[in-house]
Amino acid sequence: MAEPDLAESHLLGWLSTVGLDAHYVRAEGDYLYRLDERGREIPVVDFAGGYGSLMFGHNHPEIVALAQQMLTAQAPVHAQFSRHPYATELAARLTAVVQRETGEDGTYNAVFANSGAEAVEIAVKHAELDRALKVAELQTEIAEHLESVRAAVTEGTAAVPDEVARVAGLGTGEAGPVAIDRLIAHIDEVNAARAGAEPLLFALEGGFHGKLMGSVQLTHNAAYRTPFAALGTSARFVTREEIPALPKIFEEERVDLLDLAVSGNEVAVVHRRLPLLCAFVLEPIQGEGGIRLLDSESAATIQSACAEADVPIVVDEVQSGMGRTGTFLASTGIGLRGDYYALAKSLGGGIAKAAVMLARSSRYRPQFELVHSSTFAKDYFSTTIGLKVLDLLEADDGAAYRKAAERGAHLLDMLRSVQRDFPDVVRDVRGRGLMAGLEFHDQSGSEVEGLRQHAEGATLGYALAGKLLRSHRVRTFPTASSPNTLRFEPSIHIGDKEVAQLEAGLREVCALLRAQDGPGLLEITPAA
């Protein structure tokens with residue numbers, strides 16, 4: 001009797017309906033291998049690239065050799081609460097690369113993690129700790145001011161004018177210690193209510209920042225977010241059209257605490273801005289949102305508005321970072337500077353589960369290290385792999401970055417040629433470097449029932465990916481929140497032959513869509 005399949009069997013069953021339930025037995029470079037009915041290896045060119053995790057491809061020989069060496073040497077993995085010189089070195093080298101690209105000399109403190117979603121959550125957690133501490137510091141400062149003013153009124157060196165007395169509901173002419181006591185009690189009550197307001201998080205519409213309890217609230221796709229809305233602080237999503245209005249949006253959310261000061265010999269009410277805006281989270285290139293690029297003008301507006309309102313910017317480079325777009329950070333290409341950076345995926349070299357949150361040191365709160373930890377983070381294995389990845393990226397004066405740009409340009413040129421030949425089928429081609437997307441026109445009006453059902457169910461991209469896999473041995477997937485967009489994120493070693501193989505597959509898919517050939521696209525036949 002067969003054992004029951006308890007490992008996400010529902011998902012596997014659905015994958016089988018679109019022909020994506022392949023079993024891969026080996027991986028090397030830009031290829032995955034499955035077995036045919038005779039046990040022979042069948043190569044499949046991998047353009048999904050581990051959702052951007054394989055900057056150097058599957059099982060890069062130098063990374064594998066290093067991993068084997070560490071395992072053979074019985075390198076310590078679980079050595080928490082001890083010295084970690086390898087993590088210290090990785091943090092310093094990451095800071096150096098960010099400094100070089102941004103042209104800024106500030107340092108970044110690193111908090112290590114295991115996944116991109118965790119790195120994003122760490123950034124937001126730190127931003128909230130920083131905000132809460134600023135609120136507490138402001139409250140302490142106001143309390144000291146109130147007591148100072150109380151003393152001045154009691155000593156008779158300052159008086160409470162009528163317009164200030166009315167703030168606390170006092171009558172005209174009421175002054176002295178009783179008036180100041182009632183005024184301070186009123187201010188304390190108002191400030192306590194306002195300081196307890198929930199923090200405000202901002203994120204770009206279309207963004208994807210993970211599916212954990214906190215990060216999913218920053219992910220715009222309602223299908224992922226809504227079922228868990230009650231579990232976390234919700235974000236306000238800003239459309240691209242609203243970006244120019246960000247200063248006004250921030251000002252509309254302004255909340256002030258009340259303070260007192262003595263001006264001349266009279267008590268005056270002073271308004272102090274409450275640190276209520278926690279963070280603005282965004283991707284320079286929205287991966288799961290359909291490979292959508294943020295432009296330089298929008299980046300500059302966000303940067304300026306956030307600086308003016310003291311809103312820290314969390315730049316999610318989980319998918320776009322680590323050299324994929326031709327620079328270490330995609331954000332530097334549009335002039336965006338982050339207070340926090342989230343890096344993951346290719347940081348682990350396709351071998352380790354590794355991620356890091358970099359926090360601008362001028363904002364960093366050391367006490368965060370006492371309230372946050374992660375069992376498998378900052379270990380010898382993953383951080384040493386991370387150092388090797390940096391070695392490979394930086395070798396030969398950054399040849400890997402140049403290769404990513406060159407290979408990406410070749411890939412995008414091919415995709416645009418397909419679009420030119422099939423404008424009625426391909427709606428758009430977007431991307432930078434080795435992070436590219438091809439969006440198909442909506443098929444919800446198709447007279448072919450299967451195509452229409454896939455379009456209405458937001459699964460057309462998966463069906464087309466299944467066709468590419470079965471007929472052309474090409475592996476890719478649609479982006480999670482833009483299901484008509486296929487993603488292409490291969491390694492820097494992707495060759496012209498593999499790009500041509502993808503082109504042949506895309507051209508057949510486009511021809512079949514143009515002809516509205518449902519059986520040709522959707523029938524599940526044995527893979528070639």
- Message: Taking the condition of being of a type in the set (Gly, Ala, Ser) and either in a helix (DSSP H, G or I) or not assigned by TED's automatic domain parsing to the domain that holds Asp259 (or both), how many residues in the stretch 189-241 meet it?
- Response: 8
- Out of the residues in the stretch 184-218 that are of a type in the set (D, E, K, R) and without any contact (Cβ under 8 Å) to a residue 60 or more places away in the chain, state the one that is nearest to Ile249 (Cα to Cα). Glu205
- Looking across the stretch 299-323 at residues that are hydroxyl-bearing (Ser, Thr, Tyr) and more than 29 Å from Ile492 (Cα to Cα), the single one that is surrounded by the fewest Cβ atoms within 10 Å (Cβ to Cβ) is Ser304
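Could you please let me know if Gly333 is modelled with pLDDT under 95, in contact with a helix residue (DSSP H, G or I) (Cβ under 9 Å, 6 or more places away or on another chain) and surrounded by fewer than 24 Cβ atoms within 10 Å (Cβ to Cβ)?
Values: modelled with pLDDT under 95: yes; in contact with a helix residue (DSSP H, G or I) (Cβ under 9 Å, 6 or more places away or on another chain): yes; surrounded by fewer than 24 Cβ atoms within 10 Å (Cβ to Cβ): yes.
Yes; evaluated as a whole, the condition is true for this residue.
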- Task: Considering only the stretch 81-188, give the helices (runs of 4 or more DSSP H) lying wholly within it that have at least 3 residues that are on the phi < 0 side of the Ramachandran plot, surrounded by 13 or more Cβ atoms within 10 Å (Cβ to Cβ) and outside the structural domain of Leu276 (by TED's automatic domain parsing).
- Result: 85-102
- List every residue pair whose Cβ atoms lie under 9 Å apart, where the two residues are 6 or more positions apart in sequence or sit on different chains, the first residue falls within the stretch 297-324 and is farther than 29 Å from Glu406 by Cα, and the second residue, located anywhere, is β-branched (Val, Ile, Thr) and in a loop (DSSP other than H, G, I, E, B). Ala305/Val311
- Qualifying residue in the stretch 406-427 (condition: closer than 30 Å to His84 by Cα and of a type in the set (D, E, K, R)): no
- Note on the structure: Restricting the stretch 75-126 to residues that are among the hydroxyl-bearing types (Ser, Thr, Tyr) and in contact (Cβ under 8 Å) with a residue 12 or more places away in the chain, the one nearest to Met213 (Cα to Cα) turns out to be Ser115
- Task: State which residue is farthest from Gly321 (Cα to Cα) when the search covers only the stretch 99-118 and only residues that are of a type in the set (A, V, I, L, M, F, W, C) and touching a Leu at 6+ places or on another chain (Cβ under 7 Å).
- Result: Ala110
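The values are calculated or read from the model by the stated rules, or taken from the named source; none is laboratory data. Predicted model, so just to flag it, every value in this text is computed and none were measured. Glycine also receives a Cβ, built like all others from the backbone with ideal geometry; neighbour counts cover every protein chain displayed.
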